[in-house]
Structure formats: C-alpha cells, structure tokens
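Enquirer: This is the structure I have questions about; it appears just below.
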Amino acid sequence: MAFNKMNQVIDISVQKRGRLRIPSLVVFAFATVFFPRIVESAGAPAAINFLHFAIVPIVFVLTFTKIRNKGSSGIWVTQLLLLGLFFLLLSMTISAFLNKAGLVNLFIGYMLLAEPFFLLAIIVYTPMSARNVRWMRGWILAFGASNVLLALAQKLLISIGVLRVTRMTVADNIQGVFYLSGAGHVVSASVSLTFGLYYFASAKNSPLWLRITVFVSTILQLLFADAKQTLLVFLAAWGILILVKLTDIRVVIQYIISGILAFYSFLWALRNVPLFAAFNGWIRPGLYGPDGDATVLKLSGFSIIVSFYENFLNWLWGLGPGHTVGRLGGWLLKEYSSLLSPLGATTRPVSSEVGRVWGESYLDSSFFSPLFGWIGIWGDFGLLGLGVYLFLWWVVWHFLCQDDFSKFTVITVFIFGFIFTQMEEPGYMLTVTTLLGLRWQELCAKETPPTRRVYLQLS
C-alpha cells in the first residue's frame, strides 16, 4: 500500500510480471481512437473504426475495479461523472425502448456521447506522479505532431503529383491521420489547433520560438485544408472567453487587445493573402439574419424532426438513437450499413429528409449544415437526454477547467456543436477530453507531492 499527504489509498502491484501502467493503457486506448482512419486507408477492414468502442470500456472497467483511490479531489469529480454517465445511459435506454431502436443503435449512440467522458474519468481518477504525467503527455503530443506532419506532407505530395486527389478539392484531401474520411480535413485541423494551443499553454519550459513554431504549423495546416469553420470557431471561443474572464480586468484587457489585433490581421489577410481568399465566399448578402438563406437552412432540421413526433414523450426522450440527424443517424448507419444492418440497426427517414433539404440548397459547406451536434442529441434523446449531457459538461467546466486553455477548449466544443457532427467525432472529442484530463493532472502535480507508479495486476 502507498499513502501520500492527500490521504490517497492506492493498490499497487509489486510483481514484475503481468502488470501494465495506467498511463500506458490510456495511451493505447487513445491510439485506437486516433489512428484507425489512416490505418483503414492503408488497407485495414472498416471495422477497425469501431475497435475503440471495446478498448476504452475495457480500460475503464479495469481502472475502476483494480484501483482504490480514496480522499483525492479526483474521486469526487469522477463520482459526478459516473453519475451523469449512468443517467445518460438510463435516458437513452428509455428513448431506445419507446422508439423501438435497435440495440446496436443504443450502444453506438451511447458510446459516441459517453466515451470521451470514460477516458476523462480514467485520467482524473488515477493518481499520477509528475513523472507519469510527463510520460503520457510525451506520447499524446507525439500523436498530435504526427497529425500535423502528415497533413503538411499530404499537401506537399499532392502538390508534386505523388498523392492522388480522392476528394472534391485538394484542400479536402489534407486530413492528417483522419485520411480518407468525409470531413477529415476539418477534424484534423481542429485536432491540430487544439494540440498547438495545449503545447503553447503547457510547455512553459520549452523555448518560446519552438512553441510559436508548433502553433504556426497548425495554422498552416488549417489554411491548407481550407478549414474555415475551425478558425471562426476558435475566434468566437476567444471572444466568449473574454466575457468569462470579466472579473479579471487585467486579463480581459490583454485578451481584448490580442483579439483586436487578431481580428484586423484576419481582415487584412482576407484582402491580401491568397490562402485566406476562400473565406470571402461566406461574406455574401442575404445569408444571415432571421430570414437569411443560411439561417433558414440551418434551422430546418427542427421543424422536420418535430413533424415526426407521435406524442409528448418524444419531447422528453426524442425519436431514439440514430433516428434523427446526429452522427449515428446522419452518417454512420449509412456508411457502415453492411456492417451494422445485420446487427439489427434501425433507421427512420428523418435524416434523409433533412439531408434532402440540405442537398437542394446552394450552401454546400458543412458550416451551414442542418445536421449538427446539438440538434442531433436533442432529436435522438429529447430534452432529458440533452439535459444530462449538459450536466456532464457542467462537471467538467466547474471542477476540471482550472486554466484558460481548458475553458477555451470546452467553449470550442460547444460552438462546434452548432456547426456539424464534430461533437460526436471520437477522434476529436477524445483528443479534447484527454488534453483536459492531462492539463488537470499537470496542475495537480504542481501542488501535491509525487506518488509511486500505479499498476494493474493482470495475473
């Protein structure tokens, strides 16, 4: 047994054989989420994209059955997360039962929303020394660097004709480790920019020039991939963070000055830098406002979903997992129908109807899509399911967001939820929660004495 000043009680295996470190399991679980797309593009079967749905729960169960952790601040946060995850499962199960959804719908629908919190709970619950945190941080940053380098390499190889363009435009093919996926260029750019900000905020001992170089590299990837929405989301999150920080006038002034400089630099780039020219396509009259084409298209999903309601229970529990316009109903059940249909997957025509409306519009960018995260959660699981999901994020915000990077990252997730289905993209969401957990552990490690390594006894 090992004790520290926070009265933690931790089971530690002393055997040299048959044991794995928790950080190693976390890194392995994260890798199964982060790399399956690039592995599939190299010839692996499509089922590899679902492997993490088994690996992450296994690591989750091992962690909470093999480790006893009493008295640390992490356990109280974990208990709240577990409570929220339980009620999310309960609400989604009721929704599936009322709407006769398939069991596979329920499982995948639940995992798409809950899996990021599984991994976050593992990281928060596990007592880690500063050395453990640094080790895991090194691997996670290496994964993030591989995404940036692959994306930049894809741009180069396409430019010289070595890599073939398989998507609509060259920019759509710059996808990093999310290669050959539908919106992989946006997901990859979002992941890279989040990694870049994390490294800039956390690597205080690294030279400033290196931190700036890493961040600029992520910006270049974003521009090469034409991921306009990602840049706008991060700029909007910056503005919201300023409002959140209103109690600290000094910080607010710093952020406002930085924001003004960034805004005018962006306007200058729109007019003078070819890489920014694509943004001008969104600056058109008649798109925005209450009756603008973009507004009408964006909100069209609400009326379509409600038109399929049969009784008041649909307001509380929605139309069932995978039956509306979330990632499952909008994409996965169609893309992997040969794999999921034999397992009893069920569908409803809601997503097809919303997709038809979008297909008939001249606004083909995912930025204007009527299929997006928040409407998908509400449509599938109703007001109760949406409320439980918001509770999970409240726990994260209130207890785990201890610095501006963490708060900023959560804000970006919420904004992405209004654009497309990225809020249910495992590669992006587990990147976010992993970095949030790592940052929390880093800040805790600065305030508490180091502990011994924590192992799982496998024998």
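The values are calculated or read from the model by the stated rules, or taken from the named source; none is laboratory data. Computed from a prediction, not measured in an experiment: that's the story for all the values here. Here Cβ is always computed from backbone atoms with ideal geometry, including for glycine, and neighbour counts include all displayed protein chains. What goes into the accessible areas is simple: the full protein's heavy atoms, side chains included, and nothing from ligands, DNA or RNA. Shrake-Rupley method; radii C 1.70, N 1.55, O 1.52, S 1.80 Å.
Enquirer: Here's a check for you: in the stretch 27-68, which residue that is closer than 17 Å to Glu425 by Cβ and among the polar types (S, T, N, Q) is farthest from the chain's Cα centre (by Cα)?
Expert: Of everything passing the filter in the stretch 27-68, Ser41 is farthest from the chain's Cα centre (by Cα).
Enquirer: State all residues of the stretch 142-170 that are of a type in the set (D, E, K, R) and part of a helix (DSSP H, G or I); if no residue qualifies, say none.
Expert: Once the filter is applied, which keeps residues that are of a type in the set (D, E, K, R) and part of a helix (DSSP H, G or I), the stretch 142-170 yields only Lys155.
Enquirer: Right, another one. Yes or no: the stretch 107-121 includes at least one residue that is open to solvent by 50 Å² or more (accessible area, probe 1.4 Å) and within 24 Å of the chain's Cα centre (by Cα).
Expert: yes
Enquirer: I'd like the full set of residues that are touching a Ser or Thr at 6+ places or on another chain (Cβ under 9 Å) and either surrounded by fewer than 18 Cβ atoms within 10 Å (Cβ to Cβ) or of a type in the set (S, T, N, Q) (or both), limited to the stretch 74-105.
Expert: Asn99, Lys100, Asn105
Enquirer: Shifting gears a bit: List, please: which pairs have Cβ atoms under 7 Å, are six or more places apart or on different chains, and start with a residue in the stretch 384-396 that is more than 16 Å from Val124 (Cβ to Cβ) and end with one that is among the β-branched types (Val, Ile, Thr)?
Expert: If the second residue must be among the β-branched types (Val, Ile, Thr), the pairs left are Gly385/Ile377; Leu386/Ile377; Tyr389/Ile377.
Enquirer: A further question follows. Looking at the stretch 127-142, I want the residues that are free of Cβ contacts under 8 Å to residues at least 60 places away in the same chain and have a partner that is small (Gly, Ala, Ser) with Cβ atoms under 6 Å, at least 6 apart or on another chain. Which pairs are those?
Expert: Here the result reads none, with nothing in the stretch 127-142 linked to a residue that is small (Gly, Ala, Ser).
Enquirer: Additional query: Tell me, please, whether a residue that is over 19 Å from the mean Cα position of the chain (by Cα) and of a type in the set (S, T, N, Q) can be found in the stretch 186-205.
Expert: Looking through the stretch 186-205, at least one residue is over 19 Å from the mean Cα position of the chain (by Cα) and of a type in the set (S, T, N, Q).
Enquirer: For the stretch 198-233, which positions are farther than 20 Å from Ala153 by Cβ, in a helix (DSSP H, G or I) and either open to solvent by 60 Å² or more (accessible area, probe 1.4 Å) or modelled with pLDDT of 95 or more (or both)?
Expert: Tyr198, Phe200, Leu208, Trp209, Ile212 - these are the residues of the stretch 198-233 that are farther than 20 Å from Ala153 by Cβ, in a helix (DSSP H, G or I) and either open to solvent by 60 Å² or more (accessible area, probe 1.4 Å) or modelled with pLDDT of 95 or more (or both).
Enquirer: I'd like to verify a number: residues in the stretch 171-194 that are hydrophobic (A, V, I, L, M, F, W, C), outside any helix (DSSP H, G or I) and at pLDDT below 90, how many?
Expert: 2
Enquirer: Right, Asp293: at pLDDT 75 or above, surrounded by 14 or more Cβ atoms within 10 Å (Cβ to Cβ) and over 28 Å from the mean Cα position of the chain (by Cα) or not?
Expert: Criteria met by Asp293.
Enquirer: Which one is most open to solvent (accessible area, probe 1.4 Å) among residues in the stretch 234-251 that are in contact with a helix residue (DSSP H, G or I) (Cβ under 8 Å, 6 or more places away or on another chain) and not in a helix (DSSP H, G or I)?
Expert: So the residue we want is Leu246.
Enquirer: Looking at the stretch 34-65, which of its residues are small (Gly, Ala, Ser), modelled with pLDDT under 95 and either touching a Ser or Thr at 6+ places or on another chain (Cβ under 9 Å) or within 20 Å of Leu112 (Cα to Cα) (or both)?
Expert: Ser41, Ala46, Ala47
Enquirer: For residues in the stretch 4-33 being in a loop (DSSP other than H, G, I, E, B) and β-branched (Val, Ile, Thr), which is modelled with the lowest pLDDT?
Expert: The selected residue is Val14.
Enquirer: For the stretch 351-368, name all the residues that are in contact with a helix residue (DSSP H, G or I) (Cβ under 6 Å, 6 or more places away or on another chain), in contact (Cβ under 8 Å) with a residue 40 or more places away in the chain and within 24 Å of Tyr309 (Cα to Cα).
Expert: Glu353, Val354, Val357
Enquirer: For residues in the stretch 161-185 being touching a helix residue (DSSP H, G or I) at 6+ places or on another chain (Cβ under 8 Å) and on the phi > 0 side of the Ramachandran plot, which is surrounded by the fewest Cβ atoms within 10 Å (Cβ to Cβ)?
Expert: Leu180
Enquirer: Answer with yes or no whether Asn99 is of a type outside the set (Phe, Trp, Tyr), closer than 28 Å to Gly322 by Cα and in contact with an Asp or Glu (Cβ under 8 Å, 6 or more places away or on another chain).
Expert: The answer is no for Asn99.
Enquirer: Report the residue count in the stretch 307-336 for those that are outside any loop (DSSP other than H, G, I, E, B), open to solvent by 50 Å² or more (accessible area, probe 1.4 Å) and not aromatic (Phe, Trp, Tyr).
Expert: 5
Enquirer: A follow-up question, please. Which of the helices (runs of 4 or more DSSP H) found entirely inside the stretch 340-459 contain at least 1 residues meeting this: open to solvent by 20 Å² or more (accessible area, probe 1.4 Å) and at pLDDT below 90?
Expert: Filter on the stretch 340-459 gives 350-359, 426-445.
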